[in-house]
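Before any comments, here is the structure.
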Amino acid sequence: MSDVGQRSLHQAAVEQFQRAADLIDLDPRYREILTYPKNEIIVNFPVTLDDGSLQVFTGYRIQHSNILGPYKGGLRFNPNVDLDEVRALAAWMTFKTALVGVPFGGAKGGVTIDPGDYSEREMRAVVRRFTHALGSNIGPDHDIPAPDMGTNAQTMDWVMDTYANISPPGFRQSVKGVVTGKSVECGGSVGREEATGRGVLYSLRHWCGETETRLDELSIGVQGFGNVGSFFAVQAAEQGCTIKAVGDHTGTIINNDGLDVVKLFDWVREKGGVAGFPSADTADTEDLFTADIDVFVPAALENQITAERAKVMKAHLVIEAANGPTTPEGELVLAERGVQVVPDILANAGGVAVSYFEWLQNKSAQAWSYEEVDERLRELMWQAHDRVVQVRDELGCSRRDAAYIVALRRITKVYDRRDIFP
């Protein structure tokens with residue numbers, strides 16, 4: 001993994017959009033604007049722990065762009081959260097929302113914390129104090145957080161409730177849209193929890209249509225079995241795919257005849273990871289990257305497909321369910337070997353798509369059926385893929401460059417109309 005650490009994650013994110021910008025001779029003014037976040041909010045807030053001691057936590061909210069609409073992006077609770085990571089994730093959100101055509105900008109936030117080290121009461125206090133510290137920096141028409149690594153619907157319920165309680169009384173029933181990814185009981189949308197994983201499956205189905213490949217003949221390896229990886233794997237298996245290998249922070253398991261992912265789903269919810277799952281061989285992390293599979297789906301952390309790993313991968317298709325899972329060096333190796341890549345800002349856009357649907361439902365005090373949500377998700381993902389394929393064929397570029405070009409063209413059209421204030 002020697003190519004990791006040579007550049008910051010944010011630098012890698014900037015390089016990706018700059019490469020696409022070169023292909024369309026993007027206006028230098030817009031390059032300059034999109035290189036930097038618009039706002040960077042860092043808060044340090046105290047929380048009293050169960051033993052009576054006090055700990056100060058650091059939280060971030062990076063608002064990259066709101067030229068297309070309110071800032072939008074997840075809240076990540078992880079020990080590795082830092083300013084550089086959140087800057088990169090916020091920039092990717094800007095291009096992701098522009099690519100799929102939802103009226104949002106890009107943001108990201110988080111707290112440097114390992115949720116597993118704290119009780120539920122302590123985590124509730126952390127979430128409420130963080131929300132209070134952010135104050136008016138978030139809002140249903142300004143900046144709309146959502147779940148990410150280490151957070152979930154319960155987290156969003158606490159954020160929404162805290163925000164409602166610091167809002168004027170006459171507005172407390174109209175601020176549910178301050179976050180998406182809430183529980184259905186608190187105003188969330190059906191289908192939101194599995195939306196990102198389902199969007200990844202739609203990405204795979206679109207690729208199958210492009211290449212005249214049968215979905216039920218594909219073997220798949222998945223890195224990460226959290227919200228995104230698990231829902232993708234279960235739904236892909238339902239469509240006839242063979243899930244041969246799965247890895248997470250607890251270990252890697254392989255069954256060349258196919259894992260029972262429904263049972264694995266239940267196992268992970270009970271045990272906390274894939275390690276020890278019966279009817280599977282235990283392997284190490286590197287075995288996941290050399291597994292004899294057709295499709296590799298990284299759904300964990302950034303910088304996982306390095307140049308060294310890309311050289312030995314047997315998969316001929318990578319669908320980036322995680323944000324930034326492939327290093328620039330790794331991507332070059334994949335391209336040289338003819339391995340196709342469906343980029344993160346396209347493949348994992350299902351989450352923000354259904355977040356948009358939840359926001360619309362909150363705005364109009366409606367509740368859509370699962371069928372309606374899923375149909376709209378499939379249509380949005382399909383249209384985005386069609387646009388990317390069209391630009392790829394038009395310019396003869398990579399799928400990633402095409403995705404950024406679709407996003408950049410949409411953003412710059414708005415800048416051209418609105419101009420730069422003053």
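The values are calculated or read from the model by the stated rules, or taken from the named source; none is laboratory data. This one's a predicted model, so the numbers in the text were calculated from it and none came from an experiment. FYI the Cβ positions are ideal-geometry reconstructions off the backbone, even for glycines, and counts take in every protein chain you see.
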Candidates 140, 169, 147, filtered to the one that is buried (at least 19 other Cβ atoms within 10 Å of the Cβ) and over 23 Å from residue 265 (Cα atoms): 140
In the set 46, 37, 28, which member is under 29 Å from residue 396 (Cα atoms) and modelled with pLDDT of 95 or more? 28
Residues (more than 27 Å from residue 70 (Cα to Cα) and surrounded by 18 or more Cβ atoms within 10 Å (Cβ to Cβ)) located in region 99-121: 115, 118
Inspect region 341-362 for any residue being buried (at least 19 other Cβ atoms within 10 Å of the Cβ) and without any contact (Cβ under 8 Å) to a residue 60 or more places away in the chain and give the result as yes or no. yes
Do any helices (runs of 4 or more DSSP H) lying entirely in region 1-112 carry at least 3 residues that are free of Cβ contacts under 8 Å to residues at least 24 places away in the same chain, and which ones are they? 9-23, 28-35
When the residues of region 247-296 are narrowed to those that are touching a residue at least 60 places away in the same chain (Cβ under 8 Å) and in a loop (DSSP other than H, G, I, E, B), which ends up nearest to residue 308 (Cα to Cα)? 291
Taking region 304-358 and keeping only residues that are outside any helix (DSSP H, G or I), of a type in the set (Lys, Arg) and out of contact with any Asp or Glu (no Cβ under 6 Å at 6 or more places or on another chain), one is left with 337
Are any residues in region 205-220 among the hydroxyl-bearing types (Ser, Thr, Tyr) and assigned to a loop (DSSP other than H, G, I, E, B), and if so, which ones? 213
When the residues of region 188-204 are narrowed to those that are within 15 Å of the chain's Cα centre (by Cα) and either in a loop (DSSP other than H, G, I, E, B) or hydrophobic (A, V, I, L, M, F, W, C) (or both), which ends up surrounded by the fewest Cβ atoms within 10 Å (Cβ to Cβ)? 193
Checked region 379-399 for anything in a helix (DSSP H, G or I), under 16 Å from residue 26 (Cβ atoms) and in contact (Cβ under 8 Å) with a residue 24 or more places away in the chain; matches are 395
Can we say residue 280 is closer than 26 Å to residue 76 by Cα, at pLDDT 95 or above, outside the structural domain of residue 74 (by TED's automatic domain parsing) and over 22 Å from the mean Cα position of the chain (by Cα)? no
